[in-house]
Structure formats: C-alpha cells, structure tokens
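Below you'll find the structure, written out as structure tokens, and then a few comments.
The values are calculated or read from the model by the stated rules, or taken from the named source; none is laboratory data. Just so we're clear, the structure is a prediction, and the values are computed from it rather than from any experiment. FYI the Cβ positions are ideal-geometry reconstructions off the backbone, even for glycines, and counts take in every protein chain you see. All accessible areas refer to the heavy atoms of the entire protein, side chains included, with ligands and DNA or RNA removed. Shrake-Rupley method; radii C 1.70, N 1.55, O 1.52, S 1.80 Å.
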Amino acid sequence: MAATSMSNVEQGFAFLRAFVGAQWRFRRLRGGALRRHQHRLAVATVLHAVRHVPSYRERFAGLDPADWQDFPTADRATMVADFRGFNTSGISFHEAWETAMFAERPRDEAGAIRPPALARGMTAGLSSGTSAQRGVFLVSAKEQATWAGFLLARARPSHTLRRTRVALFLRAASRLYESLQGSCVAYQYFELDRSLSDTVRDLNEFAPDHLAAPPSLLMRLAEEQAAGRLRLRLERVHAVAEVLEPQDARRLAEVFGSPPAEIYQCTEGLLAITCSHGSLHIQEDLVAIQFEPALPGLVGADAVRARTRMVPVITDLHRRTQPIIRYRLDDLVTLADGPCPCGSAFRVIERIEGRVADICHGHRRNGLVPIFPEELRALVTGSHPAIRDYAVRQAVAGEFEVHLVTQAAAEFSAAQTAVRLAFANFFARLACDPPSVTVLPGVPAVPGGRKRQRVCRISRDEGERTSGPPIHDVPGRL
C-alpha cells in the first residue's frame, strides 16, 4: 500500500484536528470512555495492519482483533530483522536509513537524490541511540501533522495557538520536527556536538520561549545561564532523549525558574508528556500502553525491590505507515500510585529509571542479584555532598567502575571513600558478596552527540556501545 501525497491544506486540517482533540481528550476522557476509545482505535489499527502489512498478517493469522491486548509481542530486533515486512510500502531498513541520513544533510548538498521513502511522501527518522542498534521509523505526512498537533497541545502550558519559538537539540535533524514549523511555531534545530560558545551565541540571538534538549546539555546551558553568558527567558524547559535525574531537575528549576518538563518519546511513538502540574502523563489517546514486570520470577526481598519496576508494551493508536502493535520496549519505568491534581485521568509515570539492559548485578551464593539503575544513582549521589556528577559502569557482575566529579579536587578522596562505603553497606543489606568498586576522577566523555547514560552495563565483548546500521542490513555485507 503506497503512501499518497498530501496537500498543505490537508496537513493543516490534520494538525488542527489533532491539536483541538488532544486538548479535549486530555481533560475529559476517562474511565470506560477512555478504554472504549483505545479499544476502538487499536482494533482498527490491527485490521489495517493485517490487510496491508505482511509481517502482521502472518503474526496475527487466525487471531480475533478484539483480543489485541493478548497478541504476541515484538521488539526492536524483531522489527529490524524484517523491517520491509513491518511497513505498508515494503521499504527496507537500508532504504529507511538512507532516507533518515538524507534528512541530516545540508539542503545544498542533498541535490536531486531522493531516497525511496522520501519519494513516496514519507519521512524516516533515527532514534538518538544508546545501544549498538539505532532505531529507524517511518511516518506519512498525515502522521507528521497529527504528531505535531498532539505535541503542541500537550507540551505547552498555554492552550492557545499563539506563536511560540522552540529551540530543539537532538542528535540528528529530521523532517518530522520540521512539521512543527508554521504559523504557530518558529522552530530552530541545533546540533548537539557544536561548540558551547556558538550554541550560547545562537540561542541568545534566537531567544526561544521553549528549550528542548537532553539533560546533559541542559545542565551545561544552566551553568551558562547562571554565569550570565546565556540570557534566556523561557516559558518552559523540556528534557528529552535521556533520563532526567532528580538532582539535575532541581538545578534546572533553580536556574531557569520552573521545573523542567519531560517528553518521553522513542522510535515507536510519543509516549508521555509532563503536564502543568509536573506529572508525566501517558498519552493514552495516542498510545495504549500495557505494563509487564521487568524481571519476572524473582522471589523474596529481590521480588519486592523489582515489584514496581515495569516494562512498557505499546500499541500506537494512530500510525498506519509502520504500525506499532504490542511492541515491548527495553525501558524501566515506575507508575505513580494516585491521580494527578491537574484533573486528567491519564496515568502518570513516576520515574523513567533507564534500560532493562543496564540493570547491573551482584553475587550471592545462590546466583546473581539485580541492582537497579535508580539504586546505583541513590548510592552514589547520597554518599557525599561534594559529588556534582557521576557515572557507573559494569562489565562483570559484582565489579563496578564509578566515575566522580566533585565540587573541588581536594574533596575527591573523601567522596571516593564514601562511595566505597555506601556500596559495601548496600551489598551487605542485600546479603551479597562484597563488591569490587574502582572509583576514578572525572566522567567519561560522550562521543559523537550520543545519549548520556550515567548507569551503563557494558559487555566485555562489545566495549563502549557504538552506533550505525546493523551490518546484516547493509547491502553487500554478510
């Protein structure tokens, strides 16, 4: 099923419909009405996928669309291995990759070469990529307009269509974000790896109302703002692409005058946005999210520690070019217990902790013991008041490499001792073998604009994670 072109008028109507509908549903949709809304759109998505997407036709053969919540799950490896079979136009992973890379090139270098997906009226984008496998996604012009309408309706404190200036920092440019540009938004993309001095100069000149960037960059910009070199008066700061940790959120609120909001978005969809009351709401009218235990099968005290930590399984209710149905993420999240004071019935994510792949391990006589990223963060940041930044790496169970930045170099030795003591006490409480903890000054640099991960489990074989298209998806290679 090939994508068809869409006029500017049609795109504008799709944007406006999404914007108005998103505002109404966030305030009014709840209970049985919300569940019926999700079910109706999910069934329609399944029916479309079975008719037009070969891999879904095969996976869901003989299943009743009404039972979509019990369908088999897929993950990134599944979809990359058969990328062509999971979209309506038969576009391969390599073609989508080339289309996404085309969007990153300067316009005067792009010439007349139009990759297949772009030539068919679609946009391809890349995830920011913390692992060796960067995600690629396809969206149509209508889906772009719908996404833009949802995002603007939910990400701004103001519910009007008044013009807003948005500065966006991401690893890669994408025509998806250019769909924000228009009468309501003046949008400017900034590269992550440009010099800080150039960034400060251009931000001062652009004078955005909204600033969206990974927390690691927001923290650097906060120091420039505090020093008076950056002079922004912002309506809102948005943290994207990386985990926003509590100590960073407090500092950003102190410098910019209001708590930072989060936009939880991945290759597979726009999942959650912070409301005006500071709660990270799941976008329940855009995606249906089910939650599964991150580590099923644990017993005793380990099961209690893991109980609230869940993995999202998402079904996008609007995408048709590359349907996302029962897609299991690798993210580790915790849901809030009660409703939000803002009045919306959409569920709230209390914390995005990191990735399941970055759960570290200790040793106990009867086997390995999971150590969660949030536990490691609390261990390090709570061990000594002089610690300003940190990173934790594990390549072997029971062994940790901790990197520290302290307020003054003279305070490193005391912080080093405090961190080792904190690890020893925590592992003793878990009845684990004493860990091996190496504490080093400074934090590792993040190469090439990649995401910052403070807690990371690294395989001995892979070393630092790299990015790029999987070798088996590049023509001419085995």
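Across 50, 136, the residue with the most accessible area heads the list, and the full order at a 1.4 Å probe is 50, 136.
Can you work out the PRE-style zone for residue 302? Point 7 Å along Cα to Cβ, and I want the residues of the range 354-384 with backbone N under 11 Å. So the set is 361-371.
Determine one quarter of the surface area of the Cα convex hull of the range 311-394, which equals its mean projected area, and express it in nm² to one decimal. Don't skip to the answer; put the middle values down first.
Values: hull surface 38.8 nm².
Quarter of the Cα hull surface area: 9.7 nm².
If a spin label sat at a point 7 angstrom from the Cα of residue 345 along the line to its beta carbon, the backbone N atoms of the range 31-59 nearer than 19 Å would be those of 31-43. Sequence-ordered 3J(HN,Hα) estimates for the range 208-216 from the Karplus curve with 6.51, -1.76 and 1.60 and θ = phi - 60° stand at x, 8, 10, 10, 10, 6, x, x, 4 Hz, glycine and proline given as x. All other residues whose Cβ lies under 9 angstrom from that of residue 273 are scored, Lys and Arg at +1 and Asp and Glu at -1, for a net of 0. Residues of the range 403-424 falling in the label zone of residue 438, defined by backbone nitrogen less than 15 Å from a point 7 Å along Cα to beta-carbon, are 403-404. Solvent-accessible area of residue 78, all protein chains in place: 50 Å² (probe radius 1.4 Å, heavy atoms, ligands and nucleic acids excluded). If you wrap the Cα atoms of the range 234-324 in a convex hull and average its projected area over all directions, you get 7.9 nm². With the charge dipole of the range 1-94 set up from +1 on Lys and Arg Cβ and -1 on Asp and Glu Cβ about the Cα centre, the Cα lying farthest toward the positive end among the listed residues 16, 52, 74 is that of 16. Taking amide hydrogens as placed 1.01 Å from N in the peptide plane, the amide H of residue 186 sits under 5 Å from those of 164, 165, 166, each at least 5 positions away in sequence or on another chain. Once the Cα-Cα distance is subtracted from the 0.36 nm per residue extended length, the residue 165 to residue 335 segment shows a gain of 58.0 nm.
Tally Lys/Arg at +1 and Asp/Glu at -1 over every other residue whose Cβ is under 13 Å from the Cβ of residue 301; what's the total? Show your work: numbers first, answer last.
On the way: positive: 305, 307, 364, 429; negative: 302, 375.
Residues close to residue 301 contribute a combined charge of +2.
Hey, can you find the accessible area per residue of the range 266-350 for me, probe 1.4 Å, expressed in square angstrom?
On the way: 2920 Å² over 85 residues.
Here the residues of the range 266-350 average 34 Å² of exposed surface.
Residues whose amide H lies under 5 Å from that of residue 355, counting only those 5 or more places away or on a different chain, are 332; hydrogens are built 1.01 Å from N in the peptide plane. Spin-label model, residue 63/residue 13: points 7 Å from Cα along the beta carbon direction are separated by 3.4 nm.
Peptide packing: for 271-282, 354-365, 58-69, the average count of neighbouring Cβ atoms within 10 Å per residue gives the ranking 271-282, 354-365, 58-69, highest mean first.
Is there a quick way to get the dipole size of the range 25-97? I mean about its Cα centre, with the Cβ of Lys and Arg at +1 and of Asp and Glu at -1; what is the value in debye to the nearest 20? Intermediate results must be reported in sequence, preceding the final value.
Values: 12 positive and 7 negative charges, 142 e Å.
It comes to approximately 680 debye.
Spin-label pair residue 414-residue 291: with each label point 7 Å from Cα along the Cα-Cβ axis, the two points sit 4.0 nm from one another. Solvent-accessible area of the range 408-456 (1.4 angstrom probe, protein heavy atoms only): carbon and sulfur portion equals 59 percent. In this simple spin-label model, placing a label point 7 Å from the Cα along the Cα-to-Cβ direction at both residue 425 and residue 247 gives a separation of 1.6 nm.
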